[in-house]
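**Q** Pasting a structure here, questions to come.
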Amino acid sequence: MVTIVYFIAGISTVALLILLFSNAYQVLSQKREDVRNAENNVTLLQDCFKTMRNTPDEMSARKMLETSTQIYTQIEKRYNETFRKPRYRVLGLLMGFRKADRQKTDNNKKEDQKL
């Protein structure tokens, strides 16, 4: 009788862990994908801005780039806020998720300022 109780407790524990990990994976992977898409959009608009320099469309390209960068910053901030929550952070670290960093986008901004 005791072994049946331990068996049911073990199954319940495993089911809970599976649900916790799958939920964390689903939330973090969706938010990470959003960050990647926003980063790709910023990169695309940076390239577009570079090609439109010294043309009549430069101001609109600059405005689009600034808007896209602001959107990227907001998405990245939301991802990092979610990642900081203990239930996502511990499980996320175990599954290989990391904090999003702006290093790539910041380097691109510095390059734009040099030009």
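**Q** Could you calculate the FRET efficiency of Arg62 with Val90 from 1/(1 + (r/R0)^6), where r is the beta carbon distance between them and R0 is 41 Å, rounded to 0.05? Write out the running numbers ahead of the final one.
**A** Working: r = 42 Å, r/R0 = 1.02.
Computed FRET efficiency for Arg62 and Val90 comes out at 0.45.
**Q** Would you work out the relative contact order for segment 28-109, in percent, from Cα pairs under 8 angstrom that are 6 or more residues apart?
**A** It rounds to 39 percent for segment 28-109.
**Q** Distance cut-off 19 Å, Cα to Cα: go down the list Lys77/Lys99; Lys50/Lys99; Lys31/Lys85; Lys31/Lys99 and report the pairs above it.
**A** Values: Lys77/Lys99 10 Å; Lys50/Lys99 29 Å; Lys31/Lys85 14 Å; Lys31/Lys99 11 Å.
Beyond 19 Å: Lys50/Lys99.
**Q** Compute the distance from the alpha-carbon center of segment 68-98 to that of segment 1-54, in whole Å.
**A** The distance from the Cα centre of segment 68-98 to that of segment 1-54 comes to 9 Å.
**Q** Which Cα, out of Leu16, Tyr6, Asn37, lies furthest along the positive dipole direction of segment 2-114 (beta carbon charges, K/R +1, D/E -1)?
**A** Sorting the options by dipole projection puts first Tyr6.
**Q** Within the chain, which whole H helices from DSSP have a Cα span along their axis of at least 24 Å and a mean Kyte-Doolittle hydropathy of 0.0 or more, if any?
**A** Working: long enough: 2-51 (73 Å, 0.49); 58-84 (38 Å, -1.17).
Going by DSSP H runs, the hits are 2-51.
**Q** Oh, and also: So what's the chain giving for Rg/Rh, alpha carbon basis, Kirkwood Rh from the mean inverse pair distance? Before the final figure, lay out the partial values.
**A** Values: Rg = 21.5 Å, Rh = 16.8 Å.
We get a ratio of 1.28 for the chain.
Laboratory data are not the source of any read-out in this text; all were calculated from the coordinates shown. This structure is a prediction, so every number in the text was calculated from the model and none was measured. When we count neighbours, we look across all protein chains shown, and the Cβ atoms used for this are built from the backbone with ideal geometry, even at glycine.
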